[in-house]
1. In the stretch 82-102, is there at least one residue being open to solvent by 50 Å² or more (accessible area, probe 1.4 Å), of a type in the set (A, V, I, L, M, F, W, C) and closer than 24 Å to LEU186 by Cβ?
2. Can you pull out the residues in the stretch 351-371 that are buried (at least 19 other Cβ atoms within 10 Å of the Cβ) and of a type in the set (Lys, Arg)?
3. State yes or no: is LEU236 more than 22 Å from ASN51 (Cα to Cα), outside any strand (DSSP E or B) and open to solvent by less than 30 Å² (accessible area, probe 1.4 Å)?
4. What are the residue pairs meeting all of these: first residue in the stretch 48-59, first residue within 15 Å of LEU232 (Cα to Cα), second residue open to solvent by less than 50 Å² (accessible area, probe 1.4 Å) and part of a loop (DSSP other than H, G, I, E, B), Cβ atoms under 8 Å, and 6 or more apart or on different chains?
5. If you take the residues in the stretch 144-154 that are in contact (Cβ under 8 Å) with a residue 40 or more places away in the chain and open to solvent by 50 Å² or more (accessible area, probe 1.4 Å), which one is farthest from PRO648 (Cα to Cα)?
6. Given the criteria touching a residue at least 60 places away in the same chain (Cβ under 8 Å), in contact with an Asp or Glu (Cβ under 7 Å, 6 or more places away or on another chain) and within 30 Å of ASN281 (Cα to Cα), does LEU454 qualify?
7. I want to confirm something. Restricting to the stretch 748-771 and keeping residues that are open to solvent by 30 Å² or more (accessible area, probe 1.4 Å) and either among the β-branched types (Val, Ile, Thr) or modelled with pLDDT under 80 (or both), which single residue is nearest to SER453 (Cα to Cα)?
8. So in the stretch 239-264, with the set limited to residues that are modelled with pLDDT under 85 and polar (S, T, N, Q), which one is surrounded by the fewest Cβ atoms within 10 Å (Cβ to Cβ)?
Amino acid sequence: MIKNYIKIAFRNLWKHKGFSFINIIGLAVGMTACFLIFMYVRFELSYDKFNANFEHIYRLNTDIKSPNEVLHWSSASPPMGPALQADYPEVIANTRIFGASFLVESNNEKFQENNLAFTDASIFKIFTFPFIKGDPATALSAPFSVVLTETIAKKYFGNTDAVGKSLLLDGKHPVNITGVIKDVPLNSHFNFDMLISSSTMEKLKLINMNEWGNFSNYTYLLLANGYDASKLQAKLPAFLIKHISEDKRKRGYNYTLFVEPLKEVYMDNFRGAPVNGSLTNVYIFSVVAIFILLIACINFINLTTARATERAKEVGLRKVVGAGKNQLVIQFLGESIMVCLIAFIFSIVLSLLFLPLFNQLAGKIISNSIFEQGYIFTLFAIALLIGFLAGVYPALVITNFSITSVIKGRFVSSVKGILLRKGLVIVQFTVSIVLIVGTIIVYNQLNYMRSQSLGFKIDQMAVLDFNGDSVVQSQQQSIKNELRKIQGVISISGSSTTPGNGNSVAYTEAESRSGSSFPINMNLYDVDYDFIPQYGMKVIAGRAFSTEFATDSVQAFVINETAVKSLGYASPNDAIGKRFNQWGGKGKIIGVTKDFHFESLQQNVKPLNFRINLKNVNVFTVKIKGGDIPNTIAAIQSKWKQLAPQRPLNYSFLDDNFNKQYATEDRFGKLFMYFAILAIVISCMGLLGLASYSTLQRTREIGIRKVLGATIPGIVNMLSQEFIKLVFIAALIAFPLAWYGMHNWLKDFAYRINISWWVFAVAALLAFFIALATISFQAIRAALANPVKSLRSE
């Protein structure tokens, strides 16, 4: 019986090769897109789950409330973790992580390593980082001890045992290698190449570990199994009262601590993490995957039910000879599942081919193969489910045919069946138009952010990052003078950071409009005298820094417009001359710059100030002539080797650095566009199949019309208008859905486009054009056919 069913199934597939091809390829492409998105979503939701204590690890977050704002930070101060463990027995362990970067030297080879971290020995009690060599209990217990990842160990020592050997940090701090661990999994919300004991920080006097007001580190807590974290949360206000001095509270600052489950950290875009995901994007791509699969299934249902009349006599004869309804349902459902399994085989091949490209588009290796982690079994189960869901309705429709009607030859497609097919076509094109609108809006938003005036010069600016090298800092003026002599160099300035590359936030007390001391958290740039003029920042009140004023180096501050507003001044001129106290440095405001975007346009401009601090200059920015940039860069590299041979030159371009902030949105836009194209292609395949079938059903009518004088354009119009009406209805449904979805997506951007009417017009016209082109191919072919043959075919 089963063998007979298989024979009949293959016979029908081969008999209608065109329809079979559309069904199989449509399902295969839909499955491939679904499979790839499934792996992406699964990977995104797997972050940090490799940790054995995943359910019991929490991050300590801080809200800092000042009179004018609330800062929501994912960091804590160094003493908080140890104090919590000491005060509350339910806190089994704590660890602190401080980001770090050093020039690392081994065997006279030097590399700037920016992915390092200071941490406590307890990190291995909390997180699961398997050791290849060394003892996790003691690896980071002593000062100047480090643990390397497997890849970085091979980078410096090849295949020899790294444990027991040493490295030199910044050319003067030898550290001992006490362990090597496996590389940190890619689905970790923080990554590192080297861990340095936190006691090393104290020895180097880089930080005061007892400073409660310095929120510079991530703190993680391991709570007892089964302990309710909300109980610890309720104790945190009393903990702060006990440990935070009354002096800090009197200065207008209020602190609130939160314990956040590790499972929420990666997706927490509100506070952020070293590596962040987007739950919104996960939801969007999940919906897109469902939509694409739905479109593919709709094709299958439409084409199968459309061909129902051709199999009506087969069903009638089977019923006459005694076949039961259940047998027929099993037969047709089996055929459906078999088609899906054939499509599944094709989708496996396509997934293997496109997975490397998908990894590249996703910006991460979500998987090296679909055969990893049992993906193939999950995908096979999905294929079977698709086969069942897509085939169950056609199977029930076909097997419900009346024997009498079929035998008498009076069977025609039911009105319900026709309406269903039309409804499904509307669903397909509704989804397609929503995706077209979404793609246009995503790309317009990205172009909008890139095309906006940032308020400073960004083109042809090379950033030379020397990581605050003390030798370079001590000789920075002479190095700048030498670099200026290079042909092609226009100007050069120094700063602690550059726009788009992060900055410090400093506790500040400024003189308010009323004359009282006003506490505020201010973003801070330490700069030299050349920074503001080189970047072309417009001074709208007062003046910029000048070497003509000796006090500018220690007592002068320049703030931005937003800072003026935050301090309550009516105009920038009102702020000039007002007292300013920041991190112990006292002086006055000498100037106000026009606001500029020192962060992504996803963020509102925040209060910012500049001060002269040559001891904290970490980078040089070099303005280069546009004529011969490669030769100018080569000349800078050559000169740098002479001026600072102790440090390799790391350079990049300011516009590239700034645009890296939009890398996630770029990847999202590309993926969204490709999946939108796939959805449209699959919809068109189904539309082509339906148009072909509809044309076939009206062959006699077309022949008669041609004999009576109908023109080819008239026949094409007759065959096309029915489907065009369906696309029009789909557009009316899609527009409000697309507007609602993209309106919510744009809310994540502080600076965003308005959704204009033309976006919907373009999407609708594009959908109409695609549908018309698809239908016209078959319609023109039918219209050009010889009417004599058309009439004979009946």
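1. no
2. Within the stretch 351-371, no residue meets the criteria.
3. It is true that LEU236 is more than 22 Å from ASN51 (Cα to Cα), outside any strand (DSSP E or B) and open to solvent by less than 30 Å² (accessible area, probe 1.4 Å).
4. Filtered contacts from the stretch 48-59: HIS56/ALA224; ILE57/ASP48; ILE57/ASN51; ILE57/PHE127; ARG59/SER74.
5. Restricting to residues being in contact (Cβ under 8 Å) with a residue 40 or more places away in the chain and open to solvent by 50 Å² or more (accessible area, probe 1.4 Å), the top hit is PHE144.
6. Criteria not met by LEU454.
7. Here the residue is ILE753.
8. SER245
The values are calculated or read from the model by the stated rules, or taken from the named source; none is laboratory data. Just so it is clear, the structure is predicted and the values come from calculations on it, not from any experiment. Cβ: placed from backbone, ideal geometry, glycine included. Neighbour counts: every protein chain shown. All accessible areas refer to the heavy atoms of the entire protein, side chains included, with ligands and DNA or RNA removed. Shrake-Rupley method; radii C 1.70, N 1.55, O 1.52, S 1.80 Å.
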